[in-house]
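Trainee: The structure is given below, and queries will be raised subsequently.
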Amino acid sequence: MAHARSIPLDALSILSQPGTPIAARMAVKFAVLVTKWATRRRTRLALSRLEPWQLRDVGLTPKEADFESRRVFWRS
């Protein structure tokens, strides 16, 4: 699985400066939201594919894993 590169915080500090267009701020917030949703979907899908012994390793029962993996991506 590919890992996302993190953006240095100072690179995003321009968004909090006065005069930054509201559209730019909204676009970044939207991108962050979509990224969170995609991550939740991907991790819940991976969770649904784990074997019982793998679930025990992470401290989950199959019932708990099933419940979590069936949650919709927009719910945290």
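Since every read-out is calculated from the coordinates, none of them should be taken as a lab result. Quick caveat, the model's predicted, so the values are computed rather than measured. Cβ atoms come from the backbone with ideal geometry, glycine included; neighbour counts cover every protein chain shown.
Trainee: Could you give me the residue pairs with C-beta distances under 7 Å whose first residue belongs to segment 12-33 and is more than 27 Å from PHE73 (Cα to Cα), whose second residue is among the polar types (S, T, N, Q) wherever it lies, and which are 6+ apart or on separate chains?
Mentor: ILE14/THR20
Trainee: Working only within segment 56-76, note down all residues that are over 17 Å from the mean Cα position of the chain (by Cα) and of a type in the set (Lys, Arg).
Mentor: Once the filter is applied, which keeps residues that are over 17 Å from the mean Cα position of the chain (by Cα) and of a type in the set (Lys, Arg), segment 56-76 yields ARG56, LYS63.
Trainee: Name the residues in segment 23-51 that are exposed (fewer than 11 other Cβ atoms within 10 Å of the Cβ) and more than 30 Å from SER13 (Cα to Cα), would you?
Mentor: ARG49, GLU51
Trainee: I've got another one for you. Within segment 62-76, track down each residue that is touching a helix residue (DSSP H, G or I) at 6+ places or on another chain (Cβ under 7 Å) and part of a loop (DSSP other than H, G, I, E, B).
Mentor: ARG71, PHE73, TRP74
Trainee: Report, by residue number, each residue of segment 32-55 that is among the hydroxyl-bearing types (Ser, Thr, Tyr) and more than 10 Å from the chain's Cα centre (by Cα).
Mentor: Answer for segment 32-55, where residues must be among the hydroxyl-bearing types (Ser, Thr, Tyr) and more than 10 Å from the chain's Cα centre (by Cα): just SER48.
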